[in-house]
Structure formats: C-alpha cells, structure tokens
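See structure below.
The values are calculated or read from the model by the stated rules, or taken from the named source; none is laboratory data. Please read all numbers here as calculations on a predicted model, not as lab measurements. In this analysis, Cβ positions are derived from the backbone assuming ideal geometry, glycine residues included, and neighbour counts consider all displayed protein chains.
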Amino acid sequence: MAITDDVLVIGGGLAGTVAALSAAEHGGDVRLVTYKQSTLRHATGLIDVLGYTPEGEGPLADPFDAIDALPTGHPYERVGTDAVRDALLFFDALTGDTYGGAHTDSNALVPTSNGTVKPTARYPVGTAPGLAADPADTLFVGFETLPEFDGPLAAKHLEAAGVPFETRGVTLQFPGIKRADAKVTRYAHLLDWDEAVDIGRGETGARAALAAGVSDALEGETRVGFPPILGDDNHDVVRRDLEERLGVAVFEVPAGPPSLPGMRLEDQLYHALEEAGVNVTTGVPVVDYQAGDGDRIEHVLVDRKGQQVPYAASEYVLATGGLVGKGVDSDRTHVFEPIFDCHVAHAEDRYEWFVDDAFGDHPFASYGLEVDNELRPQDANGDLEFENLRAAGAVLSGYDFAAEKSGSGVSLSTGYVAGDRAGAEVSG
Amino acid sequence: MATDTEVLVLGGGSTGCGIARDLAMRGLEVTLVERGNLTHGTTGRMHGLLHSGGRYAVSDQASARECIQEVDVLQDIAGHCIEMTGGLFVQRPEDSDEYFQKKLTGCRECDIPARVLSGAEARRIEPYLAKDVKRAIQVPDGAVDPFRLCVANAHDAERHGARIETHAEVVDLLREGDDIYGVTVRHDSGPGKRTHKTPGTTEDITADYVVNATGAWAGQIGAMADLEVAVRPSKGVMTIMNVRQVDTVINRCRPKGDADIIVPHETTAILGTTDEEVEDPDDYPEEQWEVDLMIATLAELVPILKEARTIRSFWGVRPLYEPPGTGTEDPTDITRDFFLLDHAERDGVGGMTSIVGGKLTTSRLMAEKISDHICDKLGHSASCDTADVPLPGSENLEALEDAMDEFGLRSPVARRSTQRLGSRSREVLQTTDPNPVICNCESVTRAEVQDAIAQSGSDLNAVRIRTRASMGNCQGGFCCQLLANELHPEYDEETARAAYDELFQERWKGERHALWGEQLSQAMLKYALHATTYNADGDPARTGTDVNFEAFDGGQTDTEAGPSGVVATDGGPRNRGGDQ
C-alpha cells in the first residue's frame, strides 16, 4: 500500500519548499520528499530576481521592466510578470521583518565578499545596512582565520567598482578562535551565546571582545561589514548588540558556502513547512516512478535503504534542481532528467555544451525541462510528458541563472506557481 | 639596456632548469629565461611517469639503462618529488606472448628488476585490474611531480647565484656573422615577480654561450638566427581522474600504442596518452576523440575507468627529433633519446647549442652531458655534483617523519604539506601566525601559498604548480578567490584581480574536456558560485560599466534616521551612531 497524499513535492530547496507551502494553502495533504542537503546552504540567502538581461545588459535597476521583455521559454515568461510579483508577496509574508527590499521594485546592489556588487531584489535584514546605494562610509572587517573574506582587498575592489562612499578594510583576530580550521558555525556559536573568551588579561564576552577590536579600528566610518558569521540562532540579537556597542550600523557581506544566511533562510522555510502541516520526508531519494492511466503518474518510488517504497499523490511537483542539485544529470553522450526521464534538449556533441570562455554563454547553464504555461514538462514534440507533473526551479530550461542573477527569483516564482496550481487541482 | 652573463639558458623546463642548476653548481654565471612560468611548455604537461626503463627495454635499451640508473639517483637527490609506486606491464589475453617474453628479457638485460606475476597475483596488488588480465611484469616504475622537480632545480640554481627570469620571451637571437652572442627578451606586462624589469620593455642579454633548451620550440628559436632545427612536435593527451583508481603505474604490455599508461599521481590518476605530430606547438586541436579513446582503451585494463569521474584533460607537446635523413613516418617510432646540436659543428655558427628530444626521468643526466659540453666549449673545468647533492626539499628526509606533527596542522593536512615540501617543511610551515587551509582539495595552507608567492610573485598559476592549490576535484572552484586574497596587500587590488582572472580561465581550459556527469555538475557549481555569489562576470570593476548607484534600492529610508537610515527589525528607526 503506497503512502498517499494529495500533492507530492520532490526536492527540498527554495523551489520545492515554496511549492509545498503554496500547495498547502489550498488545504490538501502535502508531502515534501528531499534527499540531500539542499543547495540553499551553498547560497547567500539573497533573493535575486533579475540582475542582468539574457543579453548581459545590466546591472538592472528595475527588474520588472526587463521581465516583460524576456524571450519565450524563459521561466518568467512562462509564469508571467504578475506571478513573479505574487510570489514575492508570498515570500515577503513568509519572511516578515527578517528580509528587506519589499518597499520598492528597484534592485539593491549588495557588496559581495570578493568586493564586487551584485543586484538583488530581497536581502536579509542583516545585509540591509550594507547596500551600495547608501553613501555611508564603510569599514570591512575580515579575520585572519577566515581566508575567503579579505576586508582590505574587498574594500579596494569596491572602490574600483565605483561605489559612492569611502571604503577601508582591516584584518583582525577573531576573539576566542584558537584553531585556524574552525568552522563558520563555531564563530556564530561564540557570538550567539556570547561565550567567555580569553583576551590575554582575563575573560570577557565574545561580543564585547569583538566590538573592542573593531572599535579601535574605526576611523569615522558609519557602518561595518563582516563576513556572514554574526550568529545563527540569535543572529538578530548579535547584530544589534554589536551595533549598540560600536555605535554604527553593522551588516554581513554574503559569501560562498557553507553560508549561514542560506542556512537561516532554510531554517525559516522548514519552520514554515511545519507550521503549514506539510509532511516532510528527508534523506531519501526518489529513484523511479510507476505510470498510471492516461498520461498520469501513479506513484513514485522512494529508495529506503535499498528498498523501493511507493509514494502516491494526485499531483506532483518536480523541484530537484539543475546540474548542481542533480535534477539534471549527464553522461558522455546525454543530458537527462533522472527520475521521470523527461525530455531535455541538448546538443548531440558534448563539445557544444560549453564555450571556451569560462564566463561565456554556456549552453549547459540553461539545460533543463521545457514546460507549458502551467509549468508541465513537455516532450520533444511539445506534448505533455504527464498530466499531473509540474516542474519548478533550476530543473527548468530557458535561463542561465548565474549570468542573469535570477536563480532564487525563478525558484521562488515557479515554485509558487507550480505548488499553487497543483494545490488548486486537488482542492477541486 | 644590456646585461651580460657567462651562460644563457633558453627555456625553463626540466632540461633548462637542470642545466642551469648544473652549471651554477660548477661555478659559472648563469641566466635562464622562460617565456611563461617554469614548466610552462612540455614539462608541465606530461603524465608524471618516472620510468624504470621497462618501457624502453625492447625498443631502446640504451635509454632503458639510463632510466634505471637515474631512478636510483632521483631517490637520493629528489625524494620529495617522487613516489616509488612500482609498476606493472599488464598482458591481456589478446596481447602477444612473444612480446611479453621480449619485454621480460629486455628488462633483465638492462638490469631492471623484473618479476612475472600471474593474473591473480597482479589483481592482488591492483584489485581493479580486469578479471581476464593474463600476466604482468612488475618493475620499479614510479610517479614524479614534474613541477616540483623543475622548481627545485631552479631554486637550487638561484641559491648558486643563477638569475631565473620567467615571463621573459626571447624575441630575437643576437648574431654577428658566424657568432651568436645573446638574445633580446621582452618582459611580460604582468605584475610582480613575473618581471624584474619594467613591463613591456625589452632587454638584451649577452652571453659567452647560449643553450637553446626550448624543446618543441627549438625550431622557432633557431629560425631567429637562420638555423634549422627540425624538431617534430608531437602532441599527446592526458586525462586526470578524480581519485587514484590504481596505486601502481599500469602499463599495457604491447609494442606501442595510444592510451597505454595509468600513473597514480598525488590524489589523482593520470591516463595517457596519444602521439600525433602537429605543425605548431602553440596551436593544435584538442580533440574529444582523444579523451574518449583514453577512457575506452584503458578501461580494457581497469574497467571502472569507464564510469569514473575525470576532472580535466590536458595536452603536451613532445620535442621529438631525429637526425636529418632518418625519415621515420610514425612519431611513435621516433627515438626518445636526446640530441645535442652544436651549431658550430653543424652549421658553422658558434656560440650556441640546441638540445632536443629527451625525457624527464633522465633529464639530470642529460643536463650533465650538456653541461660537460658547455664547460668544454668555455674551457671551464669543474666536476658535476648534481647526482650527489640533494635538491632543496630533499635534504635530511629521514628527519622529516619526526617533524610531521609539529606544525599545528590537522594530520592529513600536515602529511600532504610535508610530502610536497620535503625537508623545507619546517622552514615554510613554522609560523606563529594563523595558518588556515586555502585549498581544501589538496590541503594547501596559507604558509605554503605565501612561500610560493615569495618565490614566484603574483602569478597564481606559478603558485599552483608549486603547491597543487586548485588542482584537485573542484578545480579552483572554492580556492581561486582565496588564493587571490593571499596576494593582498603585498600586491595591489588590480594585480590580485588579474591573477584570479588568469587562474580561473586557465583552470577552465582543461575542465572543458571533462564536462559530463559529476564534473559537469561541479563545473556548474563553480560557475554559479563565481557568477552568482561573487558576480565576477558582472563586476563593474572588470566590465568598466559606470553604475548609477543612486538608481538602486538604498534601503527603506526613515525620515527620523536620516537619508542613510534603515528600518530596524522591530520596525523602529535605528541609531546610525556616527551620522550624528
């Protein structure tokens, strides 16, 4: 006997969690099945909607103007501009005062850990004081033991990028960190619980010790950027405590994995799933499916320690990610979607999957499923693969999220629409 | 302006660096110029097989004997550059018994220790060998890190007073009548130690004697003085696997052929190779069929290679040469021996000798013979010590084991670092500053990166060949930016940015040939990290885009907090401190 729900979402990243949440709003039984840790943990927690056009024009101050002009087949074109706006409203309601950017259509430019700026539509409130359009002079603080972020170099790079304020950087020792290979969660933990640290002449709280070092380095700057390690469970308290101690604004500069802002967003999303009554099954892969009557999926098969267990639903959402999340996979001759074997268009010769410039227009970057306006995958002839399957997020084709800076926006919008349509089907 | 030296060596590969070390140790004043990094040409693009000589035991016994002698020498003087993995010549059922016997006899004739193993015995050593492997001959093959060996030679040459000038391309040979007396080099416009001179300038370097050790490029150099050096460049592909499927060098026991070696190398295994003559050593096609052939053919020996993950492929160009009139059709038949072409004897033009052919395993011996020749020419009498004096990093290797734990590094990191640095470990790793890991795939710490920067300047590809940073599974995905960060503040922001760009593009060049399955996924992750998180592709500092910052969201303004205020999480205005 199969485990049965109304809607089954496969994949636990941004697209999958948002799809499950929007499906659950219709009242049916919703289940989310997720295998590995989601790529949210790699991500910055920023919600990029569209920073550059597919032709590379940008950074775009207003993403919505450009969305209307996107070519047929782009995920935003598939769902329509209004759905993008609805999805953002959904996200804003979900994240409440932990995110900024809802007050305007304009993109923000966020300083990155390597000292560039990148356009984004929504940003964690801990990133908000660092926006590049704000002309406040800025001190960037890096730590000797965190080699990804070099404060002085990032400051110089931002200056070269033309930001409208003075930048300066310093490298400090992080109080209480003895080992050069301590994980970022260790830094966050010290600040979360304000642990006692040895400062050579006795012990003091980690926040006070950190603030003392930064305070000495300040030369009139009105805000300070840190790598994203300012607490995890008590992030907001940590940041405001530091602001109070320093008397200036404090923000985090997004960085690569493992990324605490991404993990904080993940925590919020999973908390919301629990609140919404979504059944979450983690740590197991969906490996196959059973076809039913007509062009319908009867059930999918989940691998539980080598045993294939059926999970059935009326509607399915495929949100397994792109090449990174393995929702799209490949061998030496084919690019394919591994669970349902949905059609993935690609060049036959694998030497046409890429171009010679590392940041060139790589065909592989937009490989994925082609879908109709309801986000249902289509085969090579444009016919539906299945009547009760929708796809969302990076598994979709038609866009290069890295070049466009549109990854989380597309995941959010298509997850929202796919979940909403699936939920509407079952609530009849 | 001009500078003068006794001997000028052209080419910073294993031959050139070996000669520079040898002559400098004999007390001559030496300058070496190289147009790119050390190892930039063929040395940095080989499979890393340290030949026992077994490979040449049938076709070229003189070379085979030299190989086994030099393997012994290298164990004494370059222990930190080699790994004595042992090797197998593996016979499949379809391979000739007669050739197997010839190989065995040949090895014994050349004093190469050789032992016959049954298929089952061979599989006990290498469990992933194909089930139907018939027999194998066990020989003392090994793996050599060509970068480390070459850099150690150059480093030691410098310690003996040599000038090593990288990123200095020879643009002309200075010839007057029948005498070559120097070269003109152009210094690269790159920053830092890439050049000791002003970028873009040229420098004349005059010398009593010039050694053309430019390998596959020797013909181009010769042509600058109207001398013909008929080098026949031949390309070969090498494909790098993400793990060591084998811990022993695996050779196919048959007369010749493409795709017949697997060399375990550090954390990877390298598959090699093909042999195809090319016109221009700087411009030849890198083709898909070569990669596919490598995997398909070697999977006959080690079947799991068919499904295994490759991380990149690269091509090298052998400097094959044969005396005029030999007329060999197939490049695989051209001898691997080296040739010393004294242009005085050959062309009546004095002052220069060209070296062509040869192989890495015997490069020290080759350097010795050439140095003898040059000393003879210059009337300089000094004996060669290179076989007896260890290279920097290989002194007192016994003492190293005891020192392994003392650098405050997690033990796997310490083990990898000390393997690379050898006896220099203490000098490099003993630091009181925090020493975080910069490249996780290859366990390279800040101290080792800083040591490499001190040697080679701001060129991160030069740091790469010294440390292996960015050469593992992620191909620099996680460490390119971290490496660039390490350049600052010694080098300025623009230099660090350019160095990152150069390393990133260089890594991509080889990754392109491995883009399917796991590695395509890895490539997308790398692209996404650098484009999405860092916005390296849209960076206004790089694109030169003039951004109108005012048009962008500057945060939700609050009248009480002033124009730069942001509403705090509780909705109230936040005190911006310094504004007031």
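Within the stretch B:520-558, work out how many residues are surrounded by 22 or more Cβ atoms within 10 Å (Cβ to Cβ) and more than 7 Å from chain A (Cβ to nearest Cβ). Residues flagged as surrounded by 22 or more Cβ atoms within 10 Å (Cβ to Cβ) and more than 7 Å from chain A (Cβ to nearest Cβ) within the stretch B:520-558 amount to 4. Restricting A:LEU210, A:LEU139 to those that are away from every other protein chain (no Cβ under 13 Å), outside any loop (DSSP other than H, G, I, E, B) and surrounded by 22 or more Cβ atoms within 10 Å (Cβ to Cβ) reduces the list to A:LEU210.
What residue, of A:ASP65, A:ASP86, is at pLDDT below 95 and assigned by TED's automatic domain parsing to the domain that holds A:SER22? It would help to see each step written out before you state the result.
Numbers: A:ASP86 fails: at pLDDT below 95.
Step by step, each of A:ASP65, A:ASP86 is checked, and only A:ASP65 is at pLDDT below 95 and assigned by TED's automatic domain parsing to the domain that holds A:SER22.
May I ask you to verify whether A:ARG85 is touching a strand residue (DSSP E or B) at 6+ places or on another chain (Cβ under 7 Å), more than 30 Å from A:GLY247 (Cα to Cα) and more than 13 Å from chain B (Cβ to nearest Cβ)? Spell out how you get there, then give the answer.
Values: touching a strand residue (DSSP E or B) at 6+ places or on another chain (Cβ under 7 Å): no; more than 30 Å from A:GLY247 (Cα to Cα): yes; more than 13 Å from chain B (Cβ to nearest Cβ): yes.
In short, no.
When A:ASP6 is tested against (1) part of a helix (DSSP H, G or I); (2) over 25 Å from A:GLY101 (Cα atoms), exactly one condition is not met: (1). Restricting attention to the stretch B:163-181 and to residues that are closer than 27 Å to B:ILE77 by Cα and crowded, with 24+ Cβ neighbours inside 10 Å, the residue that is nearest to the chain's Cα centre (by Cα) turns out to be B:THR166. Every test in (1) in a helix (DSSP H, G or I); (2) under 16 Å from A:PHE149 (Cβ atoms) is passed by A:LEU242 save one, and that test is (2). The set of residues in the stretch B:495-535 being outside any helix (DSSP H, G or I) and in contact (Cβ under 8 Å) with a residue 40 or more places away in the chain consists of B:TYR534 alone. Residues in the stretch A:174-203 that are surrounded by fewer than 18 Cβ atoms within 10 Å (Cβ to Cβ) and part of a strand (DSSP E or B) were compared, and the one that is nearest to the other protein chains (Cβ to nearest Cβ) is A:ASP198.
Considering only residues in the stretch B:436-457 that are in a loop (DSSP other than H, G, I, E, B) and buried (at least 24 other Cβ atoms within 10 Å of the Cβ), the one that is nearest to the other protein chains (Cβ to nearest Cβ) turns out to be B:SER443. Only residues that are hydroxyl-bearing (Ser, Thr, Tyr), surrounded by fewer than 21 Cβ atoms within 10 Å (Cβ to Cβ) and under 13 Å from B:ALA216 (Cα atoms) were counted across the stretch B:313-361, and they come to 0.
Look at the stretch A:231-251 and say how many of its residues are in contact with a Pro (Cβ under 6 Å, 6 or more places away or on another chain) and more than 13 Å from every other protein chain (Cβ to nearest Cβ). Lay out the reasoning, then the answer.
Keep residues of the stretch A:231-251 that are in contact with a Pro (Cβ under 6 Å, 6 or more places away or on another chain), which gives A:249, A:251.
This time we only want the ones that are more than 13 Å from every other protein chain (Cβ to nearest Cβ), so: none.
Number satisfying all stated conditions: 0.
In the condition set (1) in contact with a helix residue (DSSP H, G or I) (Cβ under 8 Å, 6 or more places away or on another chain); (2) at the interface with another protein chain (Cβ under 8 Å from one of its Cβ atoms), A:ALA121 is compliant with all but (2).
For the stretch B:5-23, does any single residue satisfy the condition of being in a helix (DSSP H, G or I), surrounded by 24 or more Cβ atoms within 10 Å (Cβ to Cβ) and hydroxyl-bearing (Ser, Thr, Tyr)?
Yes, the stretch B:5-23 contains at least one residue that is in a helix (DSSP H, G or I), surrounded by 24 or more Cβ atoms within 10 Å (Cβ to Cβ) and hydroxyl-bearing (Ser, Thr, Tyr).
Only one of the listed residues (A:ALA312, A:ALA291, A:ALA319) is of a type in the set (A, V, I, L, M, F, W, C), closer than 27 Å to A:PHE336 by Cα and in contact with a His (Cβ under 8 Å, 6 or more places away or on another chain). That residue is A:ALA312.
All of (1) at pLDDT 95 or above; (2) within 9 Å of chain A (Cβ to nearest Cβ) hold for B:CYS480 with one exception: (2).
Listed here are the residues, each with its yes/no results for (1) touching a helix residue (DSSP H, G or I) at 6+ places or on another chain (Cβ under 8 Å); (2) part of a loop (DSSP other than H, G, I, E, B); (3) closer than 23 Å to A:SER22 by Cβ.
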| site | (1), (2), (3) |
| --- | --- |
| A:GLY294 | no, yes, no |
| A:GLY322 | yes, yes, yes |
| A:ILE339 | no, yes, yes |
| A:GLU348 | no, yes, no |
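Residue pairs whose Cβ atoms lie under 6 Å apart, sitting 6 or more positions apart in sequence or on different chains, and linking a residue in the stretch B:308-331 that is in contact (Cβ under 8 Å) with a residue 60 or more places away in the chain to a partner that is among the acidic types (Asp, Glu), are B:ARG309/B:GLU518; B:ARG312/B:GLU511; B:TRP315/B:GLU286; B:PRO331/B:ASP275; B:PRO331/B:GLU277. A:ASP82 satisfies every condition listed in (1) among the charged types (D, E, K, R); (2) under 19 Å from A:GLU404 (Cα atoms); (3) surrounded by fewer than 24 Cβ atoms within 10 Å (Cβ to Cβ) except (2). Can you tell which of A:ARG304, A:ARG332 is within 14 Å of chain B (Cβ to nearest Cβ), free of Cβ contacts under 8 Å to residues at least 24 places away in the same chain and more than 30 Å from A:ASP232 (Cα to Cα)? Exactly one residue qualifies, and that residue is A:ARG332.
Test A:LEU32 against the stated conditions and say whether it is at pLDDT 95 or above and within 14 Å of chain B (Cβ to nearest Cβ). Give the derivation first.
Numbers: at pLDDT 95 or above: yes; within 14 Å of chain B (Cβ to nearest Cβ): no.
Here the answer is no, as A:LEU32 does not meet what is asked.
Just one of the listed residues (B:GLN101, B:GLN69, B:GLN138) is out of contact with any Asp or Glu (no Cβ under 8 Å at 6 or more places or on another chain), modelled with pLDDT of 95 or more and within 23 Å of B:ALA259 (Cβ to Cβ), namely B:GLN138.
Does at least one position in the stretch B:424-435 carry a residue that is of a type in the set (Gly, Ala, Ser) and either part of a loop (DSSP other than H, G, I, E, B) or out of contact with any helix residue (DSSP H, G or I) (no Cβ under 7 Å at 6 or more places or on another chain) (or both)? There is no residue in the stretch B:424-435 that is of a type in the set (Gly, Ala, Ser) and either part of a loop (DSSP other than H, G, I, E, B) or out of contact with any helix residue (DSSP H, G or I) (no Cβ under 7 Å at 6 or more places or on another chain) (or both).
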